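S.K.: So that we are looking at the same thing, I have put the structure below in structure tokens.
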Amino acid sequence: MSSEYEKSLEAEVDRELKGLPELTAPPGLALRVMRVIAARKAGAAYRPPWQQWPAWLRAAAFTALALMFSALCLAVWQLPRTQEMDLARREVSQWLAPAGIVWSALSAVTHALILVAARLGTGIWLAWALLVGTVYLMCMGLGTAYFRLAAARR
């Protein structure tokens, strides 16, 4: 489309929209909206913020929360000393025994690889790093060239 046509179309649409009459709300809409807002405030879903609670209710709620927190702290402190916790610890250790074996094997292999890497010497590691860097730069260069070739307009 040409910009001249777009400008004339925009002006025509603007004229038509400005020529439309003003829309008015139905007569009882505002009253219904105010009733719904009042019903929500008065309903069970409305809860005033903590600062608007009566002082005695805030004190009771704070006391209840403090007691629950104290009970939780006591339970966490005493839980490791119970027989049930000891049984659970044994059960979990039986479940994780195969993972411990795998961890030991991986640890031995890792230590062996570290010893081999220490014996190879700095020259080999420098050559390896140079080779990896060269391959990386070649991939970046070829990828860029291919992208430009594919994205070029013909």
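S.K.: So, in segment 111-138, of the ones that are among the hydroxyl-bearing types (Ser, Thr, Tyr) and surrounded by 10 or more Cβ atoms within 10 Å (Cβ to Cβ), which residue ends up nearest to the chain's Cα centre (by Cα)?
M.R.: 136
S.K.: Okay, moving on. Examine segment 51-74 for a residue that is part of a helix (DSSP H, G or I), of a type in the set (Lys, Arg) and exposed (fewer than 10 other Cβ atoms within 10 Å of the Cβ), and state whether such a residue exists.
M.R.: Of segment 51-74, the ones part of a helix (DSSP H, G or I) are 51-52, 55-74.
Going one step further and asking which of them are of a type in the set (Lys, Arg), we end up with 58.
Checking which are exposed (fewer than 10 other Cβ atoms within 10 Å of the Cβ) leaves us with none.
For segment 51-74, residues part of a helix (DSSP H, G or I), of a type in the set (Lys, Arg) and exposed (fewer than 10 other Cβ atoms within 10 Å of the Cβ): absent.
S.K.: Please go through segment 8-30 and pick out each residue that is surrounded by 10 or more Cβ atoms within 10 Å (Cβ to Cβ) and at pLDDT below 90.
M.R.: 29, 30
S.K.: Has segment 139-149 got any residue that is loosely packed, with under 10 Cβ neighbours inside 10 Å and over 37 Å from the mean Cα position of the chain (by Cα)?
M.R.: Within segment 139-149, one or more residues are loosely packed, with under 10 Cβ neighbours inside 10 Å and over 37 Å from the mean Cα position of the chain (by Cα).
The values are calculated or read from the model by the stated rules, or taken from the named source; none is laboratory data. Given the structure is predicted, the values throughout are model-derived calculations rather than measurements. Please note: Cβ atoms are built from the backbone with ideal geometry, for glycine as well, and neighbour counts cover all protein chains shown.
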